[in-house]
Each structure stands twice: as structure tokens, then as C-alpha cells.
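Please read the structure below before turning to the comments.
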Amino acid sequence: MKQLNYLLSLLIISHFGVTLSAAKKKAPSRIPPAQWIKTIDAIIPAKATVKAPKKQVLVFSLATGYKHYVIPYVDEVLKSMASKTGAFEVTITHDISYFKREKLDNFDAVILNNTCSDRKERHLFRDVLIHKADKFGSQFKELNTDQRTQLAKQLEQNLLDYVAEGKGLMVLHGAINMLNKLEPVSQMIGGSFAYHPPFQSITLELVEPDHALCKAFEHESISYKDEPYILNGAYQDLNFRPLLSMDTSKLVKVKPEVHELPRYMAWIKKHGQGRVFFSSPGHSHTTYENPKFLQFYLDGLQYVLGDLKCPDTVPKK
């Protein structure tokens, strides 16, 4: 009997120990604290790298699938960056009607802020208009099924044409799976989302330390914690100018084929007459507490806006 009581005591202690441990690891607030915003505002670059006429930037922050808690944090970073540098103005929206050409053409660049689509089809416009219309698409309730299908296809084509005709696109972290199964979109961005191993320590190396978009890191590798994104689709072609390369040798819970290709976590590329900047770093708000990353994002935005000129051709193999 004593042995049984002893075992029960151990189980109870173990249970409460786990509970207390979990309580200590409090999840970040989904509303950025005022003090956090104030802290970030203080470390955002005081001015843009390139002085140019003020531009208009559309920030699209709707997620119909997994909703990264960091989305409103990124919105605050971009608002502060716009205000502090004076290089651009931001319009932040969750409304897909902004991808109609009469609205889209008012902007010099679009930032897709963790715009994850639902797993069912990996097509955010169809999520809003068809699969999750009750939750996200009330403004389109007058449209019939055929009209909704046509509109989703038109919005997808509008984004492709918008960039190809000379505008800019900045794709942040989970936004790469917004239209994940569409080959033209994969070609435009430079890849599609396959999966990610657990959140863990990552080391990034600068592919070209002297490249204008790598200067933010001052010739030093970057160690931080994030989801190491593994990409497929057009990624296999490596049709972009890589900026940050992930050291895969210490990653845990990855599939063997991960090591068959270099794993780039950020790049730039041309798409028609337009410009694309993709950055995988940014699952956690702590990434945005690093002044070097803030400078990197600002420079990336200035690249897609056409203000920061730098080599963006695919390196010779």
C-alpha cells in the first residue's frame, strides 16, 4: 500500500510540474503590446537606404488557413517603418477586392503578410469566395457559384499580371502558400511550400556578403529560432538570386532529401518587368526585434519598389 501511495504521489507531482512548466511558457499575445510597439519603433532604421519619392504599398494580412500570431506584429512594424522613414505609405487590408485591378493599380508594391491558405486547396481567393465563404466572404453573397469561381481566377491572374507589368511583390514567411498549388505563382515567387520541421535554432549564411540586400547583416551569419521552411515546386529550378542560405546539418526532424539541394531562406528575382522578394524568416515576433532583420526587410521592400538597384539575375551555375 505504501508503495502504491508513493507512486501516486510521484504521478501527482509530475502532473503539476508539467502544468507549471507549461504555464511559464506563456504564448505571445495576439495583440502587440504597446511597449513592444514602442521598443520596435526605437530600433527601426531612421531613414531608407535610398532616397526616392514616396511610394504606396498594399499590405494584405488575411489568413484563411493557419493564422500566424505574428501577423499584427508585422502590420505594426510596417506602419512604424513607413512613418519613421517616410519612404512609403501603407494600406493594410484583409479584403480580397483590393486585388481587383482598379484598386491594385493604385499601389507600387504588395506585401503578403503570412497569408496562409487553407490546406484543402491552398488557394486563398477560393477559400474566401467558396470554401469558407460563410466566414470570410459575406460581401460576395450576391454572386453565384460560377461568378465566385471566375472572380477567384481573375484575382489570381491580376496578381500575376500586376507584378509582370512592373510592380513589386514582397512575400513574408507563410505567405508563400497563399496560392500554393498554382504553377505560375510558384514560378513568380520562386517556389512553393512543402513542409517545415519543428520550430528550432537555425543558422543562416550570407550567400553574397557584399550584396546590397545582405549588407544589413554586416558580414556575419545569423543564428535565431524559426520554422525552417522546406520548399518545392519552382524552387527546384533555383531561378532566383539567393540571399540567405540555411545550414541544414544541425536541423532536427527533416527528411533526407532536404540535403540534396541548397536550402535558401531569402532571395530576390525578376518576374517579367516586376520584382519579387521572398523571406522565410519571421514566424516569431522576436525576429522583428533584431535591427539587422528590420534593415533587411526595409531594403527588400525598397528593392521591390524599384528604388534600391542591385544585382537580381540568377547566378551562373
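The values are calculated or read from the model by the stated rules, or taken from the named source; none is laboratory data. Predicted model, so just to flag it, every value in this text is computed and none were measured. With ideal geometry, Cβ positions are generated from the backbone for all residues, glycine too; neighbour counts draw on all protein chains shown.
Considering only residues in segment 75-88 that are more than 20 Å from Ala63 (Cβ to Cβ), touching a helix residue (DSSP H, G or I) at 6+ places or on another chain (Cβ under 9 Å) and not aliphatic (A, V, I, L, M), the one that is surrounded by the most Cβ atoms within 10 Å (Cβ to Cβ) turns out to be Phe88.
Yes/no matrix, rows are residues, columns are (1) surrounded by 22 or more Cβ atoms within 10 Å (Cβ to Cβ); (2) part of a strand (DSSP E or B); (3) at pLDDT below 95:
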site: Gln157; (1), (2), (3): no, no, no
site: Asp161; (1), (2), (3): no, no, no
site: Leu169; (1), (2), (3): yes, yes, no
site: Leu179; (1), (2), (3): yes, no, no
site: Ser186; (1), (2), (3): yes, no, no
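Checked against the criterion of being acidic (Asp, Glu) and within 20 Å of Gly174 (Cα to Cα), the candidates Asp108, Asp95 yield just one match: Asp95. Scanning segment 50-65 for residues that are of a type outside the set (D, E, K, R) and farther than 14 Å from Leu172 by Cβ yields Val50, Ala52, Pro53, Gln56, Thr64, Gly65.
Selection of segment 118-138 for residues being surrounded by fewer than 15 Cβ atoms within 10 Å (Cβ to Cβ) and touching a Gly at 6+ places or on another chain (Cβ under 9 Å) yields Arg119, Lys120.
Is it the case, given these coordinates, that Ser279 is within 30 Å of Lys26 (Cα to Cα) and small (Gly, Ala, Ser)? For Ser279, the condition - within 30 Å of Lys26 (Cα to Cα) and small (Gly, Ala, Ser) - is met.
Applying the criterion of at least 3 residues that are buried (at least 19 other Cβ atoms within 10 Å of the Cβ) to the strands (runs of 3 or more DSSP E) found wholly in segment 202-317 leaves 241-246, 263-271, 274-279.
Taking the stated definitions as given, is Lys67 in a loop (DSSP other than H, G, I, E, B) and under 24 Å from Phe136 (Cβ atoms)? So Lys67 fits the description; yes.
Could you list, ordered by first residue, the pairs with Cβ atoms under 9 Å in which the first is in segment 251-264 and without any contact (Cβ under 8 Å) to a residue 12 or more places away in the chain and the second is part of a strand (DSSP E or B), at least 6 apart or interchain? Hits for this filter: Glu257/Ile230.
Looking across Thr91, Thr115, Thr149, Thr145, one residue alone is surrounded by 13 or more Cβ atoms within 10 Å (Cβ to Cβ), without any contact (Cβ under 8 Å) to a residue 40 or more places away in the chain and over 22 Å from Pro45 (Cβ atoms). It is Thr149.
Residue pairs whose Cβ atoms lie under 8 Å apart, sitting 6 or more positions apart in sequence or on different chains, and linking a residue in segment 30-44 that is over 15 Å from Leu78 (Cβ atoms) to a partner that is modelled with pLDDT of 95 or more, are Arg30/Tyr69; Arg30/Pro72; Ile31/Pro72; Thr39/Glu289.
Residue-wise test of (1) in a loop (DSSP other than H, G, I, E, B); (2) touching a strand residue (DSSP E or B) at 6+ places or on another chain (Cβ under 7 Å); (3) among the β-branched types (Val, Ile, Thr).
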residue	(1), (2), (3)
Lys26	yes, no, no
Ile31	yes, no, yes
Trp36	no, no, no
Ile40	no, no, yes
Ala48	yes, no, no
Ala52	yes, no, no
Gln56	no, yes, no
Leu62	yes, no, no
Pro72	no, no, no
